[in-house]
Amino acid sequence: MKLTEKDVLILDGACGTSIQNMDLPDTVWDGNEGCNEYLCLSAPERIKEMHLSFLRAGADIVETNSFGGTSIVLGEYGLQDRAADINRAAVACARAAVEEHGAGWVAGSVGPGTKLPSLGHITVEDLEVAYREQIETLVDAGVDLLILETAQDILQLKTVLIAARSILEEKNRDIPIMVSVTIESTGTMLAGTDIAAAAAIIEPFDVFSFGLNCATGPEDMLSSIRWLSHNWSGRISCIPNQGLPEIVDGKTTYPMTPEAYASELKTFVGDWGVTLAGGCCGTTPEHIARLKESLEKVKPAEREVQS
């Protein structure tokens, strides 16, 4: 079955939160504590098992553990020269999980990085070089699609989109590209772009889907999802956090129950035409399992997009 043949695609849950909840020995970090992507090299079986847990729960798509996989982010750990190795290993972990499960697709995760060009942290030229290296590695390693996620700066997003499209054209590869922006509680991306302006900028790139992830729970995404339902002609994705984080006994927790999460996203699919749904920070395999159950007999709402 092709990606385009499924009415609704379910993505996996939180990678970072899942890793934080693992009982890992200090030795796996090799002095790189906090660099989750390094675990693709030092603890590949644990990363594969994480992917498997989401596939078994009902996910159609697993994202590679490469969110911070550019040489720029890895350079904060002195790992900039290992970027290609880490991204190849990230794909290998996800691919091994899909093969063991017997079904599923691998999405190459490309995050926003830690330096935003609109804020003067980095030049567009330097950013593009780093993204080209990461994306080329992910594509060569065999991802089924790319997900450019948690975009906070429209200039960063344009840079990564241009890099991705350029690489796919050079390699004559037809790999779908998902785009997911982060809309803060203020109603805009961190650098000030609203959903309508972001959609206008992204539309010419012919992406597989456009939507939201991170920053908030589903309830705070409703206005943006509603706008997309009426104004975006392509597929819509919604990948929320499990509510706003709370500190309980010194630990960051996310309060939304699997049942509440599944109920909210069922409404987004049935009422607003979302066709890709998954979970960001705090989402466990149980959240994905409840989502899978809730969507069994739900068809995405038919949408009348304004011209």
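The values are calculated or read from the model by the stated rules, or taken from the named source; none is laboratory data. This structure is a prediction, so every number in the text was calculated from the model and none was measured. Don't worry about glycine lacking a Cβ; one is built from the backbone with ideal geometry, like all the others, and counts go over all protein chains shown.
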> Can you tell me which residues in segment 145-167 are surrounded by fewer than 18 Cβ atoms within 10 Å (Cβ to Cβ) and over 21 Å from residue 214 (Cβ atoms)?
Replying inline: 162, 165, 166
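Here's a check for you: in segment 63-74, which residue that is out of contact with any strand residue (DSSP E or B) (no Cβ under 7 Å at 6 or more places or on another chain) and assigned to a loop (DSSP other than H, G, I, E, B) is nearest to residue 6 (Cα to Cα)? Explain how you work it out, then say what you get.
Of the residues in segment 63-74, the ones out of contact with any strand residue (DSSP E or B) (no Cβ under 7 Å at 6 or more places or on another chain) are 65, 68-74.
In the following step, the residues that additionally are assigned to a loop (DSSP other than H, G, I, E, B) were identified as 65, 68-70.
Numbers: 65: 24, 68: 29, 69: 29, 70: 31 Å.
Of everything passing the filter in segment 63-74, 65 is nearest to residue 6 (Cα to Cα).
Which one is surrounded by the fewest Cβ atoms within 10 Å (Cβ to Cβ) among residues in segment 258-279 that are aliphatic (A, V, I, L, M) and assigned to a helix (DSSP H, G or I)?
Applying the first criterion (aliphatic (A, V, I, L, M)) to segment 258-279 yields 260, 262, 265, 269, 274, 276-277.
Checking the rest, the ones that are also assigned to a helix (DSSP H, G or I) come to 260, 262, 265, 269.
On the way: 260: 17, 262: 23, 265: 27, 269: 23.
My answer is 260.
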> Do we have any residue at all in segment 139-162 that's closer than 23 Å to residue 206 by Cα, touching a Gly at 6+ places or on another chain (Cβ under 9 Å), in a loop (DSSP other than H, G, I, E, B) and of a type in the set (Val, Ile, Thr)?
Replying inline: yes
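Condition first: surrounded by fewer than 15 Cβ atoms within 10 Å (Cβ to Cβ) and modelled with pLDDT of 95 or more. Can you find one or more residues in segment 40-50 that meet it?
Taking segment 40-50 first, the residues surrounded by fewer than 15 Cβ atoms within 10 Å (Cβ to Cβ) are 45.
This time we only want the ones that are modelled with pLDDT of 95 or more, so: 45.
The answer is yes; a qualifying residue exists.
In this structure, does residue 282 turn out to be under 23 Å from residue 223 (Cβ atoms), touching a Phe, Trp or Tyr at 6+ places or on another chain (Cβ under 6 Å) and not aromatic (Phe, Trp, Tyr)? Can you show your working first?
Values: under 23 Å from residue 223 (Cβ atoms): yes; touching a Phe, Trp or Tyr at 6+ places or on another chain (Cβ under 6 Å): yes; not aromatic (Phe, Trp, Tyr): yes.
Yes.
Out of all the residues in segment 241-251, is one or more buried (at least 23 other Cβ atoms within 10 Å of the Cβ) and modelled with pLDDT under 95? Outline the logic, then answer.
Here is the first cut: in segment 241-251, the residues buried (at least 23 other Cβ atoms within 10 Å of the Cβ) are 241-242.
Next cut, modelled with pLDDT under 95 only: 241-242.
Taking every residue of segment 241-251 in turn, at least one turns out to be buried (at least 23 other Cβ atoms within 10 Å of the Cβ) and modelled with pLDDT under 95.
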> Which members of segment 5-20 meet the condition of being surrounded by fewer than 17 Cβ atoms within 10 Å (Cβ to Cβ) and either of a type in the set (Gly, Ala, Ser) or touching a residue at least 40 places away in the same chain (Cβ under 8 Å) (or both)?
Replying inline: 6, 7, 16
> Pick from 218, 255: which is touching a residue at least 12 places away in the same chain (Cβ under 8 Å), surrounded by fewer than 14 Cβ atoms within 10 Å (Cβ to Cβ) and either over 11 Å from residue 180 (Cα atoms) or out of contact with any Ser or Thr (no Cβ under 8 Å at 6 or more places or on another chain) (or both)?
Replying inline: 255
>> Between a residue in segment 116-128 that is closer than 12 Å to residue 190 by Cβ and any residue that is part of a helix (DSSP H, G or I), which pairs come within a Cβ distance under 6 Å, given they are 6 or more apart or on different chains?
In response: 116/156; 118/155
> Quick one: would you say residue 45 is without any contact (Cβ under 8 Å) to a residue 24 or more places away in the chain, in contact with a helix residue (DSSP H, G or I) (Cβ under 9 Å, 6 or more places away or on another chain) and over 29 Å from residue 127 (Cα atoms)?
Replying inline: yes
> What single numbered condition from (1) surrounded by 14 or more Cβ atoms within 10 Å (Cβ to Cβ); (2) at pLDDT 95 or above; (3) in contact with a helix residue (DSSP H, G or I) (Cβ under 8 Å, 6 or more places away or on another chain) fails to hold for residue 182?
Replying inline: (3)
> Out of all the residues in segment 73-121, which are over 16 Å from residue 44 (Cβ atoms), among the β-branched types (Val, Ile, Thr) and buried (at least 22 other Cβ atoms within 10 Å of the Cβ)?
Replying inline: 73, 110
> Which residues, taken from segment 205-231, are touching a helix residue (DSSP H, G or I) at 6+ places or on another chain (Cβ under 9 Å) and in a loop (DSSP other than H, G, I, E, B)?
Replying inline: 206, 207, 208, 215, 217
